[in-house]
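Peer 1: Sharing a structure below in structure tokens format, with a few things to ask.
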Amino acid sequence: MRLPRLHTLDAWLGYRNYRLLWCGNFFANSAQWLQLLSVGWLVRELSEGSAVAGLLVVTVGGINTLPGLIVGPWGGVLSDRFDRRRLVITFQLIMCALAFSFALLVLSDRVTIWHAYLYVILAGVCHSIAQPMRQALVAATVPRDMLGNALAANVLTITGTRIFGPFIGGILIFTLGFFWNFTIEACLYLANVMMLWPMRTPYYRPGDARARGSAIANMVEGIRYVWSGERAIFQMILLSIIPNIILHPTWFLFPVFTTDVLMREADVGGYLLAVTGVGGFLAALFMASFGFVFDKGKVVLGAAVASSITCVLFAYSHWMAVAFIVIAAMAFSQAVFRTTRGTLIQTLAPDRLRGRLTSLQSFDRGFLVVASLGVGALSDATSPVTAIAIVGALGLVLSIICTATLGRVRRLP
């Protein structure tokens, strides 16, 4: 029998502008994972001995998504009204300056917990605007028939960087301290800018957002399209609450789970977060290589169920090797969910609304900080094991309900 030809790098090899975008996203996502690991462990160290240490660690990991509730959708409007590439470059330069300034504050040994929260919020403002724009740019660098392959390969920049970013970051914290982590983060944002500077967008079809009225009118147009124009997008936004809001805060508990359950230090915490990258990387690699074997609607629903089940199993993985395997499986299912959902939305979205629809699909992440508060408080009141188990069980119940009721998503090919 002839083996099927692998399509993993078709978009990457065939289109120079996509390669530049892919490399830029690789650097930007590396910076994001490095920030998540470093800030979590910094707050863990600063709050040592506090009765609310778990709450502080979890919320500092989730609070960077809070600005998405306000500025995220408006970033989508900006994306459809102005040049997306130039906007991304601008915001990445701002993030570079923020990261380096925070590194200097850490070096001065005057950093406090509220400094860490302020830094994460400011970085979150920039990220909530730039990240949907970077995803929307994928469709501007490849033709439509390559969009699925390009989006799946783009996920490798998220999952792949989750492997080595936290791995190296955990070692740096353990050996050299926090200053170098935040300095490297700043350099990675600058490297992203260097990739985007020569990039062009030959497949971008400028819309008429500015001609169709004010920014408020553009926002209303995008919301109306999601609500009544294509209900499948609305249903997928609702479904995204399960992995993005309910289950994801468990990852912010890694520093507490590592020290209290696995009885290890920051280097192992970095390995644990890196293992989530391995699972996600394998999922993205499979989809980029072979495409979507089953109907995407059924895949996205099944992935939500699988993510919840593995979350429950992780809660009771008290051996380090078992914890690594289970969390890799959870990351695999979540990467399948996000890649499939992203491909469906980008395929259904008209180009003139692409920026707004891409930002609206990420709007739910703005509520992550609320869920993080609940999970952190639950962890402090009970234990990390109990908190993670309850979260996984809740996700499983809601996933089953969504599978039974979201018929429009279930029928998507």
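Peer 1: Quick one: is residue 85 on the phi < 0 side of the Ramachandran plot, part of a helix (DSSP H, G or I) and charged (D, E, K, R)?
Peer 2: Yes: the conditions hold for residue 85.
Peer 1: Pick from 145, 109: which is out of contact with any helix residue (DSSP H, G or I) (no Cβ under 9 Å at 6 or more places or on another chain), open to solvent by 50 Å² or more (accessible area, probe 1.4 Å) and in a helix (DSSP H, G or I)? Walk me through how you get there before you give the answer.
Peer 2: Working: 109 fails: in a helix (DSSP H, G or I).
Matching residue, one of 145, 109: 145.
Peer 1: Ok, one more. Please go through the range 222-258 and pick out each residue that is under 14 Å from the mean Cα position of the chain (by Cα) and not in a helix (DSSP H, G or I).
Peer 2: 240, 248
Peer 1: Another question, if that's okay. Just to be sure I understand the filter: pairs with C-beta atoms under 8 Å, separated by 6 or more residues or on different chains, first member in the range 43-57 and touching a residue at least 60 places away in the same chain (Cβ under 8 Å), second member of a type outside the set (Val, Ile, Thr) and part of a loop (DSSP other than H, G, I, E, B). Which pairs pass?
Peer 2: What qualifies is 53/47; 54/253; 56/47; 56/50; 57/47; 57/253.
Peer 1: Residue 204 passes all but one of (1) at pLDDT below 85; (2) among the aromatic types (Phe, Trp, Tyr); (3) in a helix (DSSP H, G or I); which number fails?
Peer 2: The number of the failed condition is (3).
Peer 1: Given the options 203, 189, name the one that is under 21 Å from residue 79 (Cα atoms) and open to solvent by less than 10 Å² (accessible area, probe 1.4 Å).
Peer 2: 189
Peer 1: For the condition assigned to a helix (DSSP H, G or I) and in contact with a Leu (Cβ under 7 Å, 6 or more places away or on another chain), what is the one hit in 389, 323? Outline the logic, then answer.
Peer 2: Working: 389 fails: in contact with a Leu (Cβ under 7 Å, 6 or more places away or on another chain).
One residue alone meets the criteria, 323.
Peer 1: Considering every residue within the range 311-329, establish whether at least one is open to solvent by less than 40 Å² (accessible area, probe 1.4 Å) and free of Cβ contacts under 8 Å to residues at least 24 places away in the same chain.
Peer 2: yes
Peer 1: Any residue in the range 250-263 that is within 19 Å of residue 26 (Cβ to Cβ) and among the hydrophobic types (A, V, I, L, M, F, W, C)?
Peer 2: no
Peer 1: Condition check: farther than 30 Å from residue 79 by Cβ and assigned to a helix (DSSP H, G or I). Does residue 357 satisfy that?
Peer 2: So residue 357 does not fit the description; no.
The values are calculated or read from the model by the stated rules, or taken from the named source; none is laboratory data. Just so it is clear, the model here is predicted, and its values are computed rather than measured. Counting neighbours? That spans all protein chains shown, and the Cβs are built from the backbone with ideal geometry, glycine included. The protein model used for the area step is the full one, side chains on, heavy atoms only, and it has no ligands, DNA or RNA in it. Shrake-Rupley method; radii C 1.70, N 1.55, O 1.52, S 1.80 Å.
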